[in-house]
Amino acid sequence: MNAQAYNFAYLDEQTKRMIRRAILKGLAIPGYQVPFASREMPMPYGWGTGGVQVTAACLVPEDKLKVIDQGADDTTNAVSIRKFFEKTAGVEVTEATGEASLIQTRHRIPEQDLSKDQILVYQVPIPEPLRFLEPRETETRKMHELEEYGLMHVKLYEDISRHGEISTSYAYPVKVEGRYIMDPSPIPKFDNPKLSDSSAIQLFGAGREQRIYALPPYTDVQSLDFEDYPFEVSKAPHDCDLCGAKDTYLDEVITDDAGSRMYVCSDTDFCSTRRQNGHVGRLGTPVSSEVA
Amino acid sequence: MNMHKTAGGGFKDAPVEAARSFRILMNAMARPGSISQLDAIEPPDPLSPAAGTALLTLADPTTPVFLAGAADTETARNWVAFHIGAPIIEPSDLRSFAGRGRPPGEVFAVGAWADLRGHLEALPIGRPDYPDRSATLIADLPTIANSGAKLSGPGIRAIEALSLPETEVFQENNARFPLGFDVFFTSGSLVAALPRSTRVEAA
Amino acid sequence: MYVAVKGGERAIDNAHAWRDEERRGDTSIPEVSLAQIREQLALAVNRVMAEGSLFDADLAALAIKQSRGDLIEAIFLIRAYRTTLPRFGASRPVATSKMAVDRRVSATFKDLPGGQILGPTFDYTHRLLDFKLAAEGKAPEVKIAPATKEDVPHVTSFLNKDGLIETELPSNEEPRDLTREPLEFPAGRDLRLQSMARGDEGFILSLAYSTQRGYGRTHAFVGELRIGRVAVEMDIPELGFAIEIGEVELTECETVNQFKGSKTEPPQFTRGYGLVFGQSERKAIAMSLLDRSLRWQELGEDFVGAPAQDEEFVLAHCDNIQATGFLEHIKLPHYVDFQSELELVRRLRTEAEAAQEAAE
């Protein structure tokens, strides 16, 4: 199929307007899931169609786009989505977090603080935070309407009584501005604090489930917890073996069949920037010594 | 329809100009009180360039448009019909568009704030289960400046000032959150937004 | 020295090139043409048109070729193409009583006006592999009577004359369209029928089968099953009248279901309805059973908890493009989430072991 046959950023104008209206209502009601008539995209549901539609509705030709999956720019699905927008919107792309005006992400928030000129678009598989407690949309909609979130607190409390802690490690539910409980998409709970009070606009798109929601900048986002069991972030108790960073989210890499492991930053841009600035981890080598 | 009279007020390159205009509107809605320039088109009088651009960017045949008071002229109606294709509705029809079914409840009410003021009661403010099915106002003011009423809430770092025409009505609108309407204030080429989530205090 | 895996883009390009080569297969064997697929794999083409929601046999044939015969992949290609097409308007409702029928059977009456027509069916064939086809034999020459030009009245209309079946009044209400609006529950029969007509044949079949086995039984008889071509007409405002813009092949099934009556209705027969593009009778029959089962509320029946009665369950899961996308997405990288689970499980294990040691 020829990209020229399609409109700027692929979607037709009426579809973009419909998505844009949903985004505006989402920003006006932070944390509330706005239903939208998600379109069938040329990539499968569950592979970022919601994020892609939100990105398509937001992109301008001047944008610099970054796409990450698991924190990395070079994972295959990130590559595929980036290529899609290079082809259909002709926008410039970048891997540098600081240079990007729009970042589409799956499962991570970049380590580097975002600025007020940036937009972060999340790909969301199941937007309803109450879905695994109550499978019926008709029921969960009522719960949001009545702010009836007891079920969620019961679930978290059961975790504590069984395991001594809340055993949710990703897609950890949050409360937005004291009103709506929201699913932050399957980011590790390590990333949850970055949701709150961000300078950037955060948009969430769930294509298959036909929902868009949003966090304006400087929005109060609290991870659910209890007074005696406060929310805690967690990460592997290591430093990055490549760049030595102590406070980043790490991937565990198995390096041989004897079970040796190394830990590396999941945010590839953050790690390589640090290494270029001369930071060296336990198993790293100075960048200058690597063969280009 | 008299085409040459109304054909002027449209985007020259719709996909790109609509995208840029939307980004301005989205930034405005995400940062209540912040003022930006929005004037991709020249709509017929008395609509301001900012109001006309906002409407052209967001409305279409699926979203009814209410032209309030002085904005309800034959030229404005023709312009909406030709460039937007939105059904034009009367205040008495406004509420009925808030319910289940087509169109999804979103209506645009356009005009001078003074003309819109009397119709606020009739505007859809969403339903408790679908608060998004609510009106968006595009309200023209004589001027807009970052002075006057104090705004706080999502999208605002500390406090933002905006020259609101009054305060009480917006306090009431915020008090019924998550229900409510959302407003784009326009003046000439300028736009600023006041969503229902914003808390308003008189200066 | 560890270097993170790079080169996703090259890997994708290479994989796609390999797939294209595999698609063609052994080049010493002639390539299959779209016309061959369209003419000789017509039922596969029909399924792709039905679940792709686009009546275009040539495009469906292309999609089948491109997808190497993976019909869900082909349906996906058609759906993604369909969403990009401009919409010029809506047709008038098709009049299936004016269908040029190739096949028409009723299980409720031995004979009926218009007659029973078996048509080009697999029914009553013995499922023995026909090795003549392997030898690429010539098609037999048969005499086919042209379809009648007379209207063929629906079987249910005979029952209706005696008041034995529920009356369905025509409505001018514009049906809703789940491809243009987000699905909302309760959905209503219009959206249910649209959703099932596009829904996965296997899913609809299995749920209909479950009603036959007692999970929300509705005692269905096939009142009538017909396959044929109907004219599609569209009102042209500029002309002030409707013109015929083409013809589509449809399979229509109406079931006649037992109904003991309710507080407001006397005992009578009720209906289930199925309508599918092309010759797709398994799907049409299944759809009409499921339609009837989903009508429990409207008919004042009890909800017995059967999946086939559950509108939200059926509509949220019958679309194979949604289902396959979400199912298959779990093969995408999830190592960030897995890592967080890994740490949690390790920590919980350490704590559990410590607690056990302390207890010993």
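The values are calculated or read from the model by the stated rules, or taken from the named source; none is laboratory data. Keep in mind it's a predicted model, so treat the numbers as computed, not measured. All Cβ positions, glycine included, derive from the backbone under ideal geometry; neighbour counts span all protein chains shown. In case anyone asks, the SASA skips ligands and DNA or RNA and just uses the protein heavy atoms, side chains included. Shrake-Rupley method; radii C 1.70, N 1.55, O 1.52, S 1.80 Å.
For the stretch B:142-203, report the % of Cα-Cα distances exceeding 17 Å. Walk me through the numbers before you get to the answer.
Details: 628 of 1891 pairs.
So the portion of pairs separated by more than 17 Å is 33 percent.
What would the Debye equation give as log₁₀ I(q)/I(0) for chain C at q = 0.09 Å⁻¹, counting only Cα atoms as equal point scatterers?
With one equal scatterer per Cα and no solvent, log10 I(q)/I(0) is -0.66.
May I ask for the net charge around C:A242, where only other residues with Cβ less than 10 Å from the Cβ of C:A242 are counted and Lys, Arg are +1 while Asp, Glu are -1? Could the numbers behind the result be given before it?
Working: positive: C:R92; negative: C:E233, C:D235, C:E244.
Combined, the nearby Lys, Arg, Asp and Glu give -2.
Taking Cα centroids, how far is the stretch C:139-204 from the stretch A:203-218 in Å?
With the stretch C:139-204 and the stretch A:203-218 each reduced to a Cα centre, they are spaced 37 Å.
Nearest 100 Å² is fine: what is the total accessible surface buried where chains B and A meet, probe 1.4 Å? Let's see the in-between values first.
On the way: alone 9600 and 14540 Å², together 20710 Å².
The buried area between B and A, both sides summed, comes to about 3400 Å².
Which value results for Rg/Rh of the stretch A:1-125 when Rg is the Cα radius of gyration and Rh the Kirkwood radius based on the inverse mean 1/r?
Numbers: Rg = 13.8 Å, Rh = 14.8 Å.
Here the Rg-to-Rh quotient is 0.93.
What list of ³J(HN,Hα) couplings, whole Hz, do you get for the stretch C:13-24 from phi and the Karplus terms 6.51, -1.76, 1.60, once you set θ to phi - 60° and write x for glycine and proline?
Along the stretch C:13-24, the couplings run 4, 5, 4, 5, 5, 4, 4, 5, 5, 4, 4, 6 Hz.
So, taking all protein chains as they sit and a 1.4 Å probe, how much accessible area belongs to A:C240, in Å² rounded to tens?
Counting only protein heavy atoms, the figure is 0 Å².
If you take each beta carbon of peptide C:112-124 and count the beta carbons of other chains within 10 angstrom, what is the mean?
Values: counts 0, 0, 0, 0, 0, 0, 0, 0, 0, 0, 0, 0, 0.
Averaged over the peptide's residues, the number is 0.
Which pairs break 25 Å Cα to Cα here: A:K64/A:K87; A:K16/B:K150; A:K66/B:K12?
Details: A:K64/A:K87 14 Å; A:K16/B:K150 33 Å; A:K66/B:K12 29 Å.
In this structure, A:K16/B:K150; A:K66/B:K12 lie more than 25 Å apart at Cα.
Largest first, what is the accessible-area ranking of A:D74, B:D182, B:D45 with a 1.4 Å probe?
On the way: A:D74 30, B:D182 0, B:D45 125 Å².
I get B:D45, A:D74, B:D182, largest accessible area first.
Please state the shape class of chain A: rounded when a/c is under 1.5, otherwise prolate if a/b exceeds b/c and oblate if not, all from the C-alpha gyration tensor. Before the final figure, lay out the partial values.
Working: a/c = 1.90, a/b = 1.07, b/c = 1.77.
It is oblate, given that a/c is not under 1.5 and a/b is not larger than b/c.
Bins of 10 Å, beginning at zero and ending with the bin holding the largest distance: percent of Cα pairs per bin for the stretch A:79-135, please.
19, 43, 25, 13, 1
Please list, in order along the stretch B:133-138, the HN-Hα scalar couplings obtained from phi with the Karplus expression 6.51 cos²θ - 1.76 cosθ + 1.60 (θ = phi - 60°), rounded to whole Hz, x for Gly and Pro.
Listing the rounded values in order: 7, 9, 6, 10, 9, 10 Hz.
Roughly how many Å² is the accessible area per residue of the stretch B:157-203, as a whole number, for a 1.4 Å probe? Spell out each step's value before the answer.
Working: 1860 Å² over 47 residues.
On a per-residue basis, the stretch B:157-203 sits at 40 Å².
Cα to Cα, under 22 Å, and not fewer than 8 places away if on the same chain: which lysines meet these conditions relative to A:K246?
A:K189, A:K194, A:K235
Counting DSSP beta bridges with both partners in chain B, what percentage is antiparallel, nearest 5?
Working: 14 of 28 bridges.
Rounded to the nearest five, the antiparallel share is 50 percent.
Only protein chains counted, 1.4 angstrom probe. Which residues of the stretch B:45-81 are at least 40 Å² less accessible in the assembly than when their chain is isolated?
Residues passing the criterion (a loss of at least 40 Å², heavy atoms only) are B:L58, B:D60.
Provide the packing ranking of C:152-164, A:94-106, B:66-78, i.e. peptides ordered by the mean count of other C-beta atoms within 10 Å per residue, highest first. Walk me through the numbers before you get to the answer.
On the way: C:152-164: 16.0, A:94-106: 20.9, B:66-78: 18.4.
Sorting C:152-164, A:94-106, B:66-78 by mean packing, highest first, produces A:94-106, B:66-78, C:152-164.
Using the heavy atoms of the protein chains alone and a 1.4 angstrom probe, what is the accessible area of chain C per residue in square angstrom? Write down the numbers at each step before the final one.
Values: 21420 Å² over 360 residues.
I get 60 Å² per residue for this part.
Please give the net charge around C:S157, taking every other residue with its beta carbon less than 12 angstrom from that of C:S157, where Lys and Arg add +1 and Asp and Glu add -1.
On the way: positive: C:K161, C:R271; negative: C:D151, C:D162, C:E168, C:E224, C:E254.
Net charge around C:S157: -3.
Please report the carbon-and-sulfur percent of the accessible area for the stretch A:70-159; probe 1.4 Å, protein heavy atoms only, DNA, RNA and ligands left out. Please list the in-between numbers first.
On the way: 1760 of 3510 Å².
Result for the stretch A:70-159: 50 percent of the exposed heavy-atom area is carbon or sulfur.
Would you please calculate the Kirkwood hydrodynamic radius of the stretch A:64-172 over all C-alpha pairs and express it in Å, rounded to one decimal?
Working: mean 1/r = 0.0605 Å⁻¹.
Mean inverse Cα-Cα distance, inverted, gives 16.5 Å.
How long is the stretch B:3-201 along each principal axis, judged by its Cα atoms, biggest number first, in Å?
For the stretch B:3-201, the Cα spread along each principal axis is 47, 35, 29 Å.
Over 20 Å, how big is the tail of the calculated P(r) for the stretch C:9-82, in percent of all Cα pairs? Please list the in-between numbers first.
Working: 943 of 2701 pairs.
When every Cα pair of the stretch C:9-82 is considered, 35 percent fall beyond 20 Å.
Report, as an integer, the average count of C-beta atoms from other chains found within 10 Å of each Cβ along B:20-29. It would help to have the intermediate numbers written out before the result.
Details: counts 3, 2, 11, 9, 1, 3, 11, 7, 2, 9.
Per-residue shielding by partner chains comes out at 6.
When the accessible area of the stretch B:3-201 is split by element with a 1.4 Å probe, what percent falls to carbon and sulfur? Display every interim value, and only then the final one.
On the way: 3690 of 7230 Å².
Result for the stretch B:3-201: 51 percent of the exposed heavy-atom area is carbon or sulfur.
Taking every pair of alpha-carbon atoms in the stretch C:58-132, what share in percent sits in each 10 Å bin, from 0 to the bin with the longest distance?
Each 10 Å bin holds this share of Cα pairs: 13, 21, 30, 27, 8.
For C:I144, tell me the accessible area in Å² from a 1.4 Å probe, rounded to the nearest 10.
My reading of the accessible area for C:I144 is about 140 Å².
Using θ = phi - 60° and the Karplus curve 6.51 cos²θ - 1.76 cosθ + 1.60, what whole-Hz ³J(HN,Hα) does each residue of the stretch A:162-168 get, with Gly and Pro shown as x?
So the Karplus estimates, Gly and Pro as x, are 8, 10, x, 7, 6, 8, 10 Hz.
Averaged across A:215-222, how many Cβ atoms of other chains sit within 10 Å of each residue's Cβ atom? Please report the intermediate quantities before stating the final value.
Numbers: counts 3, 13, 7, 9, 6, 2, 1, 0.
If you average over the peptide's residues, the count of other-chain Cβ atoms is 5.
Restricting attention to the stretch A:118-207, which chymotrypsin sites (Phe, Trp or Tyr not before Pro) occupy a DSSP loop and are surrounded by at most 16 other Cβ atoms within 10 Å?
Values: sites: A:Y122, A:F132, A:Y149, A:Y157, A:Y170, A:Y180, A:F190, A:F204; in loops: A:F132, A:Y149.
Those satisfying the criteria are A:F132.
Send over the per residue convex hull volume for the stretch C:1-136, Cα only, as a whole number of Å³.
Working: hull volume 33.4 nm³, N = 136.
Normalising the Cα hull of the stretch C:1-136 by residue number yields 245 Å³.
Mind giving me the FRET efficiency for A:Y6 and C:S91? R0 is 22 Å, r the Cβ-Cβ distance, nearest 0.05 is fine. Walk me through the intermediate numbers first.
Numbers: r = 26 Å, r/R0 = 1.19.
Given R0 = 22 Å and the Cβ-Cβ separation, E is 0.25.
Interface size between chain C and chain A, please: total buried accessible area, 1.4 Å probe, rounded to the nearest 100 Å². Present the calculation step by step, with values, prior to reporting the outcome.
Values: alone 24070 and 14540 Å², together 33950 Å².
Using a 1.4 Å probe on protein heavy atoms, the buried area is about 4700 Å².
Please work out the Cα convex hull volume for the protein assembly as shown and give it in Å³ per residue.
Values: hull volume 198.7 nm³, N = 855.
That works out to 232 Å³ per residue.
For C:F269, list long-range residues whose amide hydrogen, built 1.01 Å from N in the peptide plane, is under 5 Å from its own amide hydrogen.
Amide H neighbours of C:F269, under 5 Å, 5+ apart: C:I165, C:E166.
Going by accessible area, probe 1.4 Å, with all protein chains left in place, what is the ranking of A:E86, C:E136, C:E311, A:E209, largest first? Intermediate results must be reported in sequence, preceding the final value.
Values: A:E86 85, C:E136 160, C:E311 30, A:E209 55 Å².
Result of the area sort, largest leading: C:E136, A:E86, A:E209, C:E311.
State the dimensionless ratio Rg/Rh of the stretch A:152-292 (Rg: radius of gyration of Cα atoms; Rh: Kirkwood radius). Can you show the working numbers first?
Working: Rg = 18.5 Å, Rh = 17.6 Å.
A ratio of 1.05.
By its C-alpha gyration tensor, with a ≥ b ≥ c as the square roots of the eigenvalues, how is the stretch A:121-227 shaped: rounded for a/c under 1.5, else prolate for a/b larger than b/c, else oblate?
oblate
Give the average over all directions of the projected area of the C-alpha convex hull of the stretch C:177-246, one decimal, in nm².
Values: hull surface 31.2 nm².
That works out to 7.8 nm².
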